[in-house]
1. Could you estimate the translational diffusion coefficient of the stretch 60-169 from the Stokes-Einstein equation, with Rh from the Kirkwood formula over C-alpha pairs, at 10 °C and 1.306 mPa s, in whole µm²/s?
2. Using a 1.4 angstrom probe, figure out how much accessible area the chain has per residue, in square angstrom, rounded to the nearest whole.
3. Run down the aspartates and glutamates and flag those whose C-alpha is under 15 Å from the C-alpha of LYS36, throwing out any fewer than 8 positions away in its chain.
4. Please identify the cysteines of the chain that lack any partner cysteine with a Cβ under 4.7 Å from their own Cβ.
5. Quick one: net charge around ARG79, please, counting Lys, Arg +1 and Asp, Glu -1 for every other residue with C-beta under 12 Å from its C-beta.
6. Pairs LYS23/LYS82; LYS82/LYS136; LYS82/LYS140: which exceed 22 Å Cα-Cα?
7. If you roll a 1.4 angstrom probe over the protein chains with everything in place, what fraction of the accessible area of the stretch 35-169 belongs to carbon and sulfur, to the nearest %?
Amino acid sequence: MMALRPEVPHSSVRTSRLASYRKRAHDILAEHLAAKGLRLTSQREKLLEFLLSRNSHGSIEEIYQAVRGAGLGRATVFRTMKVLEECDLVSHLSDANGALRYEVTLDRPHHDHLVCIACGRIVEVRWPEVEKVQRKSCVKLGFEPVWHRHEIFGRCADCGKRRTASSAT
Ligand SMILES: [Zn+2]
Ligand SMILES: [Zn+2]
């Protein structure tokens, strides 16, 4: 049996280290923007703050709704999310409808996602054995892996139970 470890901490960062974590994320983004000739505006800063404080597989629309009060337009949110991905602060995954969801990746262990097609819930899982198998076959094929992403689509335990219950009646 493969060990299933669903407990990927949403923030593996202790509160005492939060200030330096935020500063690091801030610096990475500022540096990356500067290289592109762009500035870390207070709006972009707000977006980063929001993502760091609530890292939870949000859609671009959810993120936009949450930060629009700070004066961010949709286009700025889109562009900034792209920049955040470029500098590896954020990565994306697909939800049950194939739409993109975002999460903060800085200092978080690699994990994959189980996506419920009934209720939309997204569960994080770590599969060290699967990672090992992947690495091994890449070596065998002389393939240099850069990144990968796994999403398994299905029904979560609750939705599975509900389905069984309704088909029994
Ligand atoms: Zn579900
Ligand atoms: Zn995740």
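1. 96
2. With the other protein chains kept in place, the chain gives 63 Å² per residue.
3. Those aspartates and glutamates meeting the cut-off are ASP27, GLU85, GLU86.
4. Singleton cysteines: CYS87, CYS119, CYS138, CYS159.
5. +2
6. Too far apart for the 22 Å limit: LYS82/LYS136; LYS82/LYS140.
7. Percent of accessible area from carbon and sulfur atoms in the stretch 35-169: 54.
The values are calculated or read from the model by the stated rules, or taken from the named source; none is laboratory data. Quick caveat, the model's predicted, so the values are computed rather than measured. As a convention, Cβ positions derive from the backbone with ideal geometry for all residues, glycine included, and neighbour counts pool all protein chains shown. All accessible areas refer to the heavy atoms of the entire protein, side chains included, with ligands and DNA or RNA removed. Shrake-Rupley method; radii C 1.70, N 1.55, O 1.52, S 1.80 Å.
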